[in-house]
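The structure appears below as structure tokens.
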Amino acid sequence: MPIVTTILAIPFALEIYRRYREHPDRLHLLWWAIGIATYGVGTFTEAATTLIGWNEPTFRAWYISGALLGGAPLAQGTVYLLLARRTAHLLTALLLAFVSIASVAVVLSPIDYTQVEAHRLTGRVLEWQWVRGFSPFVNMYAVVFLIGGAVLSALRYSSNPATRHRVVANVLIAIGAILPGIGGTATRMGYTEVLYVTELAGLMLTWIGYRMSVRPVAVAVTA
């Protein structure tokens with residue numbers, strides 16, 4: 001499943017990035033492209049571990065791209081979409097600083113090799129278990145802006161019959177964002193395989209929702 005998710009993430013990220021190149025003023029598209037790309041990096045590390053086994057660099061890349069960057073860039077895209085540019089820039093600076101500090105901690109933490117499993121990734125192998133305390137803050141940020149933003153957009157579009165498809169689109173995006181979070185919780189409980197399923201389902205729902213959201217709004221023509 002991580003292999004399939006990685007393969008799907010590549011054209012999805014490129015599709016959003018091409019749209020950004022057509023509209024370079026829309027920074028939310030750039031952040032969404034980055035978000036899908038880091039999503040793919042995370043699932044690639046999972047696929048590599050499944051195929052060739054656990055190794056330290058892959059684990060650290062998995063933790064940074066998944067636990068710290070899994071939803072943050074996508075949420076930042078929604079920040080640029082919904083908030084004032086100046087506020088978005090400020091939140092970007094704070095987010096990058098926080099993730100940078102957390103990433104350094106992940107890189108420097110010793111590994112408890114007694115917790116390593118040959119073909120499974122888990123944060124339990126970090127000797128500095130306090131490092132795992134960074135990810136809930138990033139996840140909460142993603143919940144507030146990515147999921148909350150999708151819900152808010154759905155409510156805004158619901159009053160106009162011509163934009164009802166965007167209501168469905170944002171609901172799908174919200175569900176797609178929730179699923180990897182559920183998988184992440186399962187991973188912390190030792191059920192890593194649940195994460196693989198929710199990542200694939202989440203990516204597919206998000207892609208479908210994105211495609212629906214960029215579909216032109218039908219304009220009623222009266223005689």
Single unsatisfied condition, Val4 versus (1) buried (at least 16 other Cβ atoms within 10 Å of the Cβ); (2) farther than 25 Å from Val151 by Cβ: (1)
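In the range 180-199, which residues are at pLDDT 85 or above and open to solvent by 30 Å² or more (accessible area, probe 1.4 Å)? Walk me through how you get there before you give the answer.
Here is the first cut: in the range 180-199, the residues at pLDDT 85 or above are 197-199.
Result: Val197, single match.
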Within the range 86-115, considering residues that are open to solvent by 40 Å² or more (accessible area, probe 1.4 Å) and not in a helix (DSSP H, G or I), the one farthest from Ile34 (Cα to Cα): Asp112
Positions within the range 26-79 being of a type in the set (D, E, K, R) and either in contact with a Gly (Cβ under 6 Å, 6 or more places away or on another chain) or open to solvent by 20 Å² or more (accessible area, probe 1.4 Å) (or both), in sequence order: Arg26, Glu56, Arg60
Verdict on Leu83 being open to solvent by less than 20 Å² (accessible area, probe 1.4 Å), touching a helix residue (DSSP H, G or I) at 6+ places or on another chain (Cβ under 9 Å) and more than 25 Å from Thr185 (Cβ to Cβ): no
Pick from the range 111-169, criterion at pLDDT 85 or above and hydroxyl-bearing (Ser, Thr, Tyr), ranking: farthest from Val99 (Cα to Cα): Thr114
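The values are calculated or read from the model by the stated rules, or taken from the named source; none is laboratory data. Please read all numbers here as calculations on a predicted model, not as lab measurements. In this analysis, Cβ positions are derived from the backbone assuming ideal geometry, glycine residues included, and neighbour counts consider all displayed protein chains. We work out accessible area using only protein heavy atoms, side chains counted, and drop any ligands, DNA or RNA first. Shrake-Rupley method; radii C 1.70, N 1.55, O 1.52, S 1.80 Å.
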